[in-house]
Amino acid sequence: MNDESVVPSGTAQVVEREPRQGVMKNEVILKAVDIHHVYVVGREELHVLRGANLEVRSGEILAITGASGTGKSTLLHLLGLLDTPKSGQILFHGKDLCQLRDEERSLIRNRQFGFVFQFYHLLPELTAVENAMLPAMIGVGSGEWSAKKGRARDRARDLLRRVGLSGRESHRPSQLSGGERQRVAVARALMNEPSVVLCDEPTGNLDARTSRGIYELIEELNRTMGVTFVVVTHEADLARRANRIVRIVDGAIVDANVQDMSE
Ligand SMILES: Nc1ncnc2c1ncn2[C@@H]1O[C@H](COP(=O)(O)OP(=O)(O)O)[C@@H](O)[C@H]1O
Ligand SMILES: [Mg+2]
């Protein structure tokens, strides 16, 4: 890795982006404060996060790196309300989401966060457009859905076009390559116009060339749609493309640059 690859830590180089309406560029939208998380397996306690602090700013691409098993996925799940920390706060626009009731958490998760996982998590019996539409269906009654469905389908088609899958709308996941499946997952993540898209090793299952296509897509969506991305990755190539890189070390977050990514 040469010197040009170094991304200065702590400085979000965010320019010419248009975040969600009503949100200032560079505003802290999501913040983890003194997060501790423990998994209990039998009699063993695994203290994964030990006072993790992180700020996510609107319009940025933030990479979270760290060795395998350091708690990257755990942190991402906590940020996206897929799990609740043992202690600490997850603040969204300054409001502590850990204090909310389950229904409110589900609503915020569905409306404000998009998710992209390593293994896509698409439903095999649904077409690409139906998979992309799914987040719009969640929590909607059948009457409301019949009124909304046409618009949701149009948006899903538009998103599939944006991720480079025009003409593949009616294909099922088994008829798509790994990279194409991940593109469907990205379209699905964007369906509800989320504030933040959380990606957990989005290229972990893809070859180098296909991975590059996914990185480029993330950059393009960030640039053209102002989407904020938090990307967990142990791949230096992907981290290098972020505006900012942090690393999990001993359960805490430290600023990092790509030269730290030796493993
Ligand atoms: N549901 C769980 N129950 C028990 N241990 C878990 C669970 N999820 C993760 N772990 C453990 O917590 C640690 C951190 O996991 P994870 O967040 O998945 O790390 P990473 O994504 O950085 O590889 C690992 O040691 C893992 O085995
Ligand atoms: Mg992981």
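Only one entry of GLU235, GLU201, GLU220 meets the criterion of being over 14 Å from GLY114 (Cβ atoms) and more than 16 Å from ligand 2 (Cβ to nearest atom), and that entry is GLU220.
Results for (1) crowded, with 21+ Cβ neighbours inside 10 Å; (2) more than 26 Å from LEU107 (Cβ to Cβ); (3) among the aliphatic types (A, V, I, L, M), shown as yes or no for each residue.
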| position | (1), (2), (3) |
| --- | --- |
| SER177 | no, yes, no |
| SER211 | yes, yes, no |
| ALA236 | no, yes, yes |
| ALA239 | yes, yes, yes |
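So that you can scan it fast, the table gives a plain yes or no per residue for (1) within 16 Å of ligand 1 (Cβ to nearest atom); (2) assigned to a loop (DSSP other than H, G, I, E, B):
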| residue | (1), (2) |
| --- | --- |
| GLU193 | no, yes |
| ASN205 | yes, yes |
| THR210 | no, no |
| GLY213 | no, no |
| LEU217 | no, no |
| GLU220 | no, no |
| ARG247 | yes, no |
| VAL254 | yes, no |
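It is to be established whether one or more residues within region 146-153 are modelled with pLDDT of 95 or more and surrounded by 20 or more Cβ atoms within 10 Å (Cβ to Cβ). Yes: region 146-153 contains one or more residues that are modelled with pLDDT of 95 or more and surrounded by 20 or more Cβ atoms within 10 Å (Cβ to Cβ). Against the list (1) surrounded by fewer than 17 Cβ atoms within 10 Å (Cβ to Cβ); (2) among the β-branched types (Val, Ile, Thr); (3) in a helix (DSSP H, G or I); (4) in contact with a strand residue (DSSP E or B) (Cβ under 9 Å, 6 or more places away or on another chain), the condition VAL186 fails is (1). Of the residues making up region 43-88, those that are more than 16 Å from ligand 2 (Cβ to nearest atom), part of a strand (DSSP E or B) and either among the acidic types (Asp, Glu) or in contact with a Phe, Trp or Tyr (Cβ under 6 Å, 6 or more places away or on another chain) (or both) are GLU44, GLU45, GLU55, ILE61.
The values are calculated or read from the model by the stated rules, or taken from the named source; none is laboratory data. Please read all numbers here as calculations on a predicted model, not as lab measurements. Cβ atoms come from the backbone with ideal geometry, glycine included; neighbour counts cover every protein chain shown.
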